[in-house]
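The values are calculated or read from the model by the stated rules, or taken from the named source; none is laboratory data. Computed from a prediction, not measured in an experiment: that's the story for all the values here. Cβ placement follows ideal geometry from the backbone for every residue including glycine, while neighbour counts extend to all protein chains displayed.
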Amino acid sequence: MRFLFSTTRSMTAATATAATAAILALLTATACTSAEQSPADQAAKDQAAHVQDVVAAGGVVDSILPIAEHLRRFRAELPVVDSLQQASPSLEALVARLARAVSTNDTTDLNAMVLNRQEFAYLYYPDSPMSKPPYEAPPELLWGQILASSDKGARQLVNRLGGSTITVSKLRCPAAADTVGHNLVHARCEVQFSAPGKPMLEGNLFGSVIERDGRFKFMGFANRI
């Protein structure tokens, strides 16, 4: 099933909602307690509202172009990459790097340690379940969801913790990494950390982490702090 926002041959809003809920649950997963709303539930509500906005504006969810053509257009003018650029050698090193960047308000390194558009286009998307039936989510839609969630999370990190010396004392990923083609995807990792003037905190500072050939980058900064 293929979909994009257009004005002809609409699929149901419920189908689009389910697909994008799965997208966000997979790529920006963060842990929650049983008393909290799950990321998938929240994603479904958010996407339902988004679909309503599209319909209200006169658009519909559409299925026209094959995924191969979507990907060709998405890759247009992007440099070809075969490895994660400016990545870290371990998950622990990546988290320590994040703590340093937030402590020093280093937005340049924050941007460098997260999956970029060309890495997404060439290294992640082709093997992603979201690019295949029953979802077949176009890369531009999937990337837009990741980018919006990550940008929001990065602002939260900097606004709440920027300029404070962050000390990470524990890192835990409760589930085994998922294999996605040549990649491993680590989800719902929790960090215990402290900062001056703040109590010890534990939670998600970031979304999923992609590992490829022993190199690690964040897929996004969606967090629950």
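Name the single residue, out of those in the stretch 182-195 being at pLDDT 90 or above and in a loop (DSSP other than H, G, I, E, B), that is farthest from Pro126 (Cα to Cα). Step by step, filter the stretch 182-195, then rank; the result is Cys189. Identify all residues within the stretch 198-225 that are of a type in the set (Asp, Glu), in contact (Cβ under 8 Å) with a residue 40 or more places away in the chain and outside any loop (DSSP other than H, G, I, E, B); write none if there are none. Within the stretch 198-225, just Glu211 meets the criteria. Listed conditions (1) polar (S, T, N, Q); (2) touching a Leu at 6+ places or on another chain (Cβ under 9 Å); (3) not in a helix (DSSP H, G or I) are all met by Gln85, apart from (2). Only a single item in (1) over 26 Å from Ser83 (Cα atoms); (2) free of Cβ contacts under 8 Å to residues at least 12 places away in the same chain; (3) among the hydrophobic types (A, V, I, L, M, F, W, C) is not met by Ala195, and it is number (2). Filtered by the rule that a residue be touching a Ser or Thr at 6+ places or on another chain (Cβ under 7 Å) and either among the aliphatic types (A, V, I, L, M) or farther than 21 Å from Ala148 by Cβ (or both), the stretch 170-197 gives Val180, Val185, His186, Ala187, Gln192, Phe193, Ser194, Ala195, Pro196. For the stretch 126-138, indicate whether the set of residues that are surrounded by fewer than 18 Cβ atoms within 10 Å (Cβ to Cβ) and among the small types (Gly, Ala, Ser) is non-empty. Scanning the stretch 126-138, I find no residue that is surrounded by fewer than 18 Cβ atoms within 10 Å (Cβ to Cβ) and among the small types (Gly, Ala, Ser), so the answer is no.
Residue-by-condition table, conditions (1) crowded, with 17+ Cβ neighbours inside 10 Å; (2) among the hydrophobic types (A, V, I, L, M, F, W, C); (3) in contact with a strand residue (DSSP E or B) (Cβ under 8 Å, 6 or more places away or on another chain); (4) not in a helix (DSSP H, G or I):
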{"residue": "Thr108", "(1), (2), (3), (4)": "no, no, no, no"}
{"residue": "Glu119", "(1), (2), (3), (4)": "yes, no, yes, no"}
{"residue": "Trp143", "(1), (2), (3), (4)": "yes, yes, no, no"}
{"residue": "Leu171", "(1), (2), (3), (4)": "no, yes, yes, yes"}
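When the stretch 88-106 is filtered for residues that are among the β-branched types (Val, Ile, Thr) and assigned to a loop (DSSP other than H, G, I, E, B), only Thr104 remains. Just one of the listed residues (Ala76, Ala96) is of a type in the set (A, V, I, L, M, F, W, C), surrounded by fewer than 15 Cβ atoms within 10 Å (Cβ to Cβ), on the phi < 0 side of the Ramachandran plot and out of contact with any Asp or Glu (no Cβ under 6 Å at 6 or more places or on another chain), and it is Ala76. Within the stretch 149-164, the residues that satisfy the criterion of being among the polar types (S, T, N, Q) and in contact (Cβ under 8 Å) with a residue 12 or more places away in the chain are Ser149, Ser150, Gln156, Ser164.
Taking the criterion of being surrounded by 14 or more Cβ atoms within 10 Å (Cβ to Cβ) and either in contact with a Lys or Arg (Cβ under 9 Å, 6 or more places away or on another chain) or charged (D, E, K, R) (or both), the residues of the stretch 154-169 that qualify are Arg160, Leu161, Ser164, Ile166. Restricted to the stretch 185-224, and to residues there that are more than 12 Å from the chain's Cα centre (by Cα) and farther than 16 Å from Ser169 by Cα, the residue that is surrounded by the fewest Cβ atoms within 10 Å (Cβ to Cβ) is Gly197. Ala154 meets each of the listed conditions (1) of a type in the set (Gly, Ala, Ser); (2) out of contact with any Ser or Thr (no Cβ under 7 Å at 6 or more places or on another chain); (3) farther than 16 Å from Ala96 by Cα; (4) in a helix (DSSP H, G or I) apart from (3).
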